[in-house]
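Working notes, beginning with the structure itself.
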Amino acid sequence: MSRDEVIDIPNTKEIEAYMHCNRCLTEIPLGESPESYARLSIGFTPIGIQVWCVRHDANILHVHFEGQRHPSNQTRQRQTGDPTLC
Ligand SMILES: [Zn+2]
């Protein structure tokens with residue numbers, strides 16, 4: 001695949017399986033969902049990308065890109081009344 005090929009990467013919510021901190025899952029208060037209770041930091045590292053639980057200061061996932069670069073979509077959906085456009 002050449003760099004000029006267009007890859008369709010949607011900027012809509014396509015998550016099929018959430019990543020969770022196991023400790024957070026055992027502590028979810030009534031009325032909260034795993035998604036609403038999560039306090040995650042997600043970011044690039046020198047080797048790839050990492051998901052970190054802020055509440056428990058613990059690693060959830062660290063993916064090694066093995067030196068490869070991957071296409072991504074960093075745009076967001078435009079929302080009604082949103083004055084900023086991406
Ligand atoms: Zn946690």
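Points worth noting:
- For VAL63, VAL6, order by how many other beta-carbon atoms lie within 10 Å, fewest first: VAL6, VAL63
- Diffusion coefficient, µm² s⁻¹, Stokes-Einstein with Kirkwood Rh over alpha-carbon pairs of the stretch 22-64 at 37 °C and 0.692 mPa s: 295 µm²/s
- For the residues ARG23, ARG76, ARG55, a GNM of the chain with alpha-carbon springs under 10 Å puts the largest fluctuation on ARG76.
- Among the GluC sites (Glu not before Pro) in the stretch 1-61, those placed in a DSSP loop whose Cβ has at most 15 other Cβ atoms within 10 Å are GLU5, GLU14, GLU16, GLU27, GLU32.
- Estimated translational D of the chain in µm²/s (Stokes, Kirkwood radius over Cα pairs; 20 °C; 1.002 mPa s): 135 µm²/s
- Length-normalised contact order of the stretch 22-64 in % [C-alpha pairs under 8 Å, at least 6 apart]: 28 percent
- Annotation: amide H-H contacts under 5 Å for ILE60 (H modelled 1.01 Å from N, sequence separation of 5 or more, or interchain): VAL51, TRP52, CYS53.
- Estimated [θ] at 222 nm from DSSP helical runs (n ≥ 4, -39500 (n - 2.57)) normalised by residues in the chain, nearest 500: -1500 deg cm²/dmol
Read the figures in this text as sums done on the coordinates, not as results from a lab. The structure presented is a predicted model; accordingly, all values stated were derived computationally and were not measured. Positions of Cβ are backbone-derived with ideal geometry, glycine not excepted, and every protein chain shown enters the neighbour counts.
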